[in-house]
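Accompanying notes for the structure given below.
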Amino acid sequence: MSDSLTCVSTPSLADLPIRRLTPRDLIACADLSQDRGWPREEHKWGLLLAAGKGYGIDDPHGGLVSACVVTQYGTEYRPDLSAIGMVLVAERHARQGVGRRLMRHVVAESGATATPLTLYATPHGRPLYEGLGFKVTGSAEMVRGRFTPDGAASGVATRAATGEDLAALVRLDAEVFGADRTHVITRLPAFADQLRVAEENGRIIGYAAAWPNMDTHVVGPLIARDTETAKALIASLAAHTSRPLRTDVDVRHEELLSWLKERGLASVGFNAVMTHGIPDLPGDWTRRFAPVTVAAG
């Protein structure tokens, strides 16, 4: 008697469906980050999956083949801008066109609503995005280190934000960012360890958050009337943490970057700011110093 073997074919990568991810996929997303040598960043994934739309491809053998998150800003049915982040492909499926396929899906969905796109690209990822029609419109420098205060008194008053400040923060943020981010800004009190505002004559002229990421506190978003206000906000955040700081600053803010490096933060690298469907980001870059995270704009 001979044994008969039943062969079960494994679907090709091109046949695996793309689906929406939910907060229930957080661990699988963190596992995918770890697979590619990134930090797990479960805290950040939690925010992105709650405030944005996740897309992923399931691996028939378990886990995710690929994932990304799109965070939309503006009105629900006609977004003004969508930020793409956390574009990852499992190491075992790398260099097989999976990331391009997932990105084509996202670009096609944005095209259906004529929604402009933006993302921060590493040097490694930039060729993929350029091939899909994204253009480089700017650059951000990541700096990291232990902040050393200079001891000089700031002329800008800062304090911890309260619930009563949220409406003003949402208005200021929309004015500077160029699109409504209410669903992200209102999550900051729970997401961040610190949320502080800068004031002048009772009026809020800037705000910043510091949220935990592995062993650091990430400063972002950082919205400020001017460089001195941005410095005051960062110094006030640093005064209330023992962790190193990390932030991604628009390279046009040269004075702030120099000041941060003089106080102990060192350059880690650069990301290209890219857009699709618009020549540049909306809003006022002179008051937009750092994003919430490069994964969400």
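List Met274, Met214 from most exposed to least, where exposure is judged by having the fewest other Cβ atoms within 10 Å.
In increasing order of surrounding Cβ atoms, one gets Met214, Met274.
Could you tell me what fraction of 2.2 N^0.38 Å the Cα radius of gyration of region 115-220 comes to, as a two-decimal ratio?
That works out to 1.32 for region 115-220.
Please report the relative contact order for region 191-262, taking Cα pairs under 8 Å with a sequence separation of at least 6, and give it as a percent rounded to a whole number.
About 26 percent, as a whole number.
Check the straight Cα-Cα distances from Lys231 and name the lysines below 17 Å, setting aside those fewer than 8 residues away within the same chain.
Correct list for Lys231: Lys261.
At q = 0.14, 0.18 Å⁻¹, what is the base-10 log of I(q)/I(0) for region 183-269 according to the Debye formula with one equal point scatterer per Cα and no solvent? Please give it to two decimals.
-0.47, -0.78
Percent of Cα-Cα pairs more than 20 Å apart in region 1-156, please.
Working: 7023 of 12090 pairs.
So the portion of pairs separated by more than 20 Å is 58 percent.
So what is the relative contact order of region 106-251, in percent, for Cα pairs below 8 Å that sit 6 or more residues apart? Walk me through the numbers before you get to the answer.
On the way: 188 pairs, mean separation 38.5, N = 146.
Relative contact order of region 106-251: 26 percent.
On C-alpha positions alone, give me the angle between the axis of helix 26-35 and the longest principal axis of the chain, in degrees, nearest 10.
80
How far is helix 227-238 tilted off the main Cα axis of the chain, in degrees rounded to 10, range 0 to 90?
In the chain, helix 227-238 runs at an angle near 70 degrees to the longest axis.
For the chain, what is the relative contact order in percent, using Cα pairs closer than 8 Å and at least 6 residues apart in sequence?
Across the chain, relative contact order equals 21 percent.
For the Cα atoms of the chain, what angle does the longest principal axis make with the long axis of helix 166-177, in degrees from 0 to 90, nearest 10?
70
How large is the convex hull of the C-alpha atoms of region 134-285 per residue, in Å³?
Enclosed volume per residue, from the Cα hull, is 115 Å³.
Starting from region 18-116, pick out the chymotrypsin sites (Phe, Trp or Tyr not before Pro) whose DSSP state is loop and whose Cβ has at most 13 other Cβ atoms within 10 Å.
Details: sites: Trp45, Tyr55, Tyr73, Tyr77; in loops: Tyr77.
Loop-located and lightly packed - Tyr77.
Give, rounded to the nearest 20 debye, the magnitude of the charge dipole that region 1-136 has about its Cα centre when Lys and Arg contribute +1 at Cβ and Asp and Glu contribute -1 at Cβ.
I would put it at about 400 debye.
Using the alpha carbons of region 155-214, what is the convex hull volume per residue in cubic angstrom, as a whole number? Walk me through the intermediate numbers first.
Values: hull volume 5.7 nm³, N = 60.
Residue-normalised Cα hull volume stands at 96 Å³.
Taking the alpha-carbon set of region 103-149, what are its Rg and Dmax in Å?
Gyration radius and largest Cα-Cα distance of region 103-149: 15.1, 49 Å.
Values in this text are rule-based calculations from the coordinates and carry no lab data. Small disclaimer: the values here were computed from a predicted structure and weren't measured. Positions of Cβ are generated from backbone atoms using ideal geometry, with glycine treated the same way; all protein chains shown enter the neighbour counts.
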